[in-house]
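FYI, it's all coordinate maths here, none of it is from the lab. Remember, it's a predicted structure, so these values are computed and weren't measured experimentally. No Cβ is skipped: glycine too gets one built from the backbone with ideal geometry, and neighbour counts run over all protein chains shown.
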Amino acid sequence: MQQVLALLLLRLNHVVPTSDLVDELWGQEPPNSAMTTLQSYIYRLRQLIRDDPSISISTRAHGYALTAPRGDSDLIDFERLAAEGRKALDHGEPERAAPILAEALRLWRGPALSGMTTGELLQAQVTRLEESRLHALERRLEADLALGRHQELVSELKALSSKWPMHEGFHAKLMVALDGAGRRVEALEVYQQVRQVLVEELGLEPSPMLRRLHQTLLSDDRP
């Protein structure tokens, strides 16, 4: 039943096809009782929300839709704030973007759908949500760097680079933060470390973006 609720919430105010719900619950080999079981889950969910007139689960021609006020969804709020923050940053307003993106990220209370059994559809949604969160985090870090918060970001970026050892974006921002904090030697060491990981694990050299940053630090004659 949790999987049904999760899919309905992730597509709030939109119809979720019955076929998607069946695929999520049973994959390619649903039992003969699949439709009866699904209908019982929908009934139980309706019982759980019956005391709130602002929320409903409606039956449509080929599926079900969970209807609720848009402001009741952390996911919708996150996506709205993340888009607003990205727009501000793209328009050269890091001082406005940073707090908006930070507010968006505070809506995350842990990994998406943590502890829940997930089928293919929900797992794809988990991957999409995690990518959205990481992108918002990168943009928030970008805004903070633009505001000169280099020293403040070093510890956070070291932790992120350690958690995602092949995420070039985090390593690039760590290099920028270290250089901005007057620690260029350490910034250059970060490049060598991530290059070694990429070569050994993937057989690839760093991306052009990371190589350009490395070359910039090498050729910059600032003290």
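The table below gives the values:
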quantity	calculated
Relative exposure of Lys173, Lys158, Lys87, Lys163, judged by other C-beta atoms within 10 Å (fewest first)	Lys163, Lys87, Lys158, Lys173
Spatially proximal aspartates and glutamates relative to Lys87 (Cα-Cα < 16 Å; intrachain offsets below 8 disregarded)	Asp77, Glu79, Glu95, Glu103, Glu138, Glu142, Asp144
Residue order, fewest to most surrounding Cβ atoms within 10 angstrom, among Tyr64, Tyr41, Tyr191	Tyr41, Tyr191, Tyr64
Approximate spin-label separation Glu189-Ser19, in nm, with each point projected 7 Å along Cα-to-Cβ	5.7
Size of charge dipole - the chain - debye, nearest 20, with Cβ of Lys, Arg +1 and Asp, Glu -1, no other charges	360
Burial ordering of Ser155, Ser132, Ser56, Ser219, fewest other beta-carbon atoms within 10 Å first	Ser219, Ser155, Ser56, Ser132
Farthest positive-ward along the chain dipole, Cα basis, beta-carbon charges - from Ser114, Gly182, Leu9	Leu9
